[in-house]
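J.: Can you read through this structure? Questions will come right after.
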Amino acid sequence: MKKITMKDVAKEADVSIATVSYVLNENKNETIPEETRRKVIAAAKKLNYVPNLAARSLVKRKSNLIGILIVKDYENRIPWRRSYYSEFIDLLVEKLNRLGYHVLISNIDKNNPELEIILSRELDGVFLIDVNKEIFYNISNKFEVPIIIIDSFINDEYFQKVIPDFEDAIYKSIETNIGTETILLLDKFNDDEINQRLINVFKERFSKIYIADNYDSLVKYLNENKDFSFVVLGELLCSIASKYIESRKLTAICTCDNSYLLDDEIKKVIVSSKTKSDIAVKIMMDYIDGKYYDEKIVLIKAD
């Protein structure tokens with residue numbers, strides 16, 4: 001007979017696995033609506049669910065293995081996105097190793113996610129990087145351990161998110177007196193909500209807003225707008241822009257600790273990967289220890 005899992009209870013109650021975990025483990029740090037709580041308990045009773053003690057032992061650091069999953073779009077290999085998270089991941093691995101954890105790093109194909117290898121390992125927790133909503137729920141419904149979302153505004157109140165405060169950084173770039181005719185050049189994230197939020201906030205403050213999602217189209221756009229100044233989200237993207245736009249017209253919002261690639265004349269607003277990794281690891285350790293946060297989004301301010 002098939003063993004009933006939290007995933008089965010979640011499907012029966014039409015809620016996330018995290019919600020089932022919070023209800024059945026009587027987590028007092030999460031505010032679960034009473035109606036949702038009743039649905040979960042009723043589903044567990046209907047299915048004769050028996051708590052998975054092996055899964056619970058993961059939260060007590062039985063495996064000492066943390067997963068880092070990075071979502072990649074292999075159908076659109078944007079050159080400046082390939083190494084975007086390299087420094088951040090290196091910092092995560094370094095900090096986790098010092099805490100006694102081994103790390104399993106896996107790329108997830110955005111268009112054809114294969115999870116068998118990662119699901120075959122017992123993990124204490126998962127960092128999920130640059131994920132869209134569809135893949136997030138596909139992945140999150142398969143894990144019963146803490147998941148920390150990096151660089152995505154997934155609208156789910158039960159999962160912790162760590163994101164650079166792009167809005168604050170852009171406001172700070174405006175303060176650098178970059179000029180009146182200015183274009184906001186945005187990077188392409190898998191979570192479209194990041195850029196949509198920025199467009200809604202800044203559409204009246206910039207002459208134009210452009211999302212760079214293809215190298216050839218980007219070069220064409222830069223050549224057509226040489227007279228403008230640019231605020232560029234991401235130093236890797238800005239390094240490409242600097243080949244076509246004068247350095248004095250550029251302000252880079254540096255988010256991956258590669259500001260050294262840019263000319264000194266380019267203005268810089270820096271969001272530290274070290275700070276982001278420090279906070280992400282601290283949250284993961286707290287969640288593994290059963291210490292949950294009321295505030296589900298942590299925004300990393302620019303220095």
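J.: Straight-line reach from residue 276: which lysines fall under 24 Å, measuring Cα to Cα and dropping same-chain residues less than 8 apart?
T.: Counting by Cα, and skipping residues close in sequence, residue 276 has these lysines nearby: 72, 95, 110, 133, 161, 172, 188, 267, 268, 291, 296, 301.
J.: Rounded to the nearest 0.05, what FRET efficiency is calculated for residue 75 and residue 282 with R0 set to 30 Å and r the Cβ-Cβ distance?
T.: Values: r = 35 Å, r/R0 = 1.18.
For R0 = 30 Å, the calculated efficiency reads 0.25.
J.: Between residue 214 and residue 265, what's the calculated FRET efficiency when r is the beta-carbon distance and R0 is 25 Å? Round to 0.05.
T.: Values: r = 27 Å, r/R0 = 1.09.
In this case the efficiency is close to 0.40.
J.: From the phi angles alone, apply the Karplus equation (6.51, -1.76, 1.60; θ = phi - 60°) to the range 276-291 and give each ³J(HN,Hα) in whole Hz, x where the residue is Gly or Pro.
T.: Per residue, the Karplus-derived 3J(HN,Hα) values read 4, 5, 4, 5, 4, 5, 4, 5, 4, 4, 5, 5, 4, 7, x, 9 Hz.
J.: Which order results if 265, 116, 122 are arranged by neighbouring Cβ count within 10 Å, fewest first?
T.: Working: 265 11, 116 6, 122 14.
By the 10 Å Cβ count, ascending, the order reads 116, 265, 122.
J.: Still on this structure: Ordered by packing density, taken as the mean number of other Cβ atoms within 10 Å over each peptide's residues, highest first, how do 167-173, 234-240 rank? Please list the in-between numbers first.
T.: Working: 167-173: 18.6, 234-240: 23.4.
Top of the packing list down: 234-240, 167-173.
J.: I would also like to ask the following. Using helices alone, I'd like the mean residue ellipticity at 222 nm for the chain: each DSSP H run of four-plus residues gives -39500 (n - 2.57), total over residue count, nearest 500. Spell out each step's value before the answer.
T.: Values: 12 runs with 113 residues, N = 303.
When only DSSP H runs of four or more count, the value is -10500 deg cm²/dmol.
J.: If we count other beta carbons within 10 Å of each Cβ, what is the order of 130, 216, 165, fewest first? List each step's numbers first, then the result.
T.: Values: 130 24, 216 7, 165 16.
Starting with the residue having the fewest Cβ neighbours, the order is 216, 165, 130.
J.: If you fit an axis through the alpha-carbon atoms of helix 192-202 and take the longest principal axis of the Cα set of the chain, what angle between them do you get, 0 to 90°, nearest 10?
T.: Around 50 degrees separate the two axes.
J.: For the range 76-89, in order, what is each residue's ³J(HN,Hα) by Karplus, 6.51 cos²θ - 1.76 cosθ + 1.60 with θ = phi - 60°, in whole Hz (x at glycine and Pro)?
T.: Values, residue by residue: 9, 7, 6, x, 7, 8, 4, 10, 4, 9, 4, 5, 4, 5 Hz.
J.: Restricting to Cα atoms and excluding each atom paired with itself, what does the Kirkwood estimate give for the chain in Å? Write down the numbers at each step before the final one.
T.: Working: mean 1/r = 0.0481 Å⁻¹.
One decimal place: 20.8 Å for the Kirkwood radius.
J.: Whole-Hz ³J(HN,Hα) for each residue in the range 7-21, computed from phi via Karplus 6.51 cos²θ - 1.76 cosθ + 1.60 with θ = phi - 60°, x for glycine and proline: what do you get?
T.: 4, 5, 5, 4, 5, 5, 8, 6, 9, 7, 4, 4, 4, 4, 4
Coordinate-derived values only; no laboratory data. Note that the structure is a prediction, hence the values are computed from the model and not measured. Cβ sites come from the backbone with ideal geometry, for glycine too, and all protein chains shown count toward neighbours.
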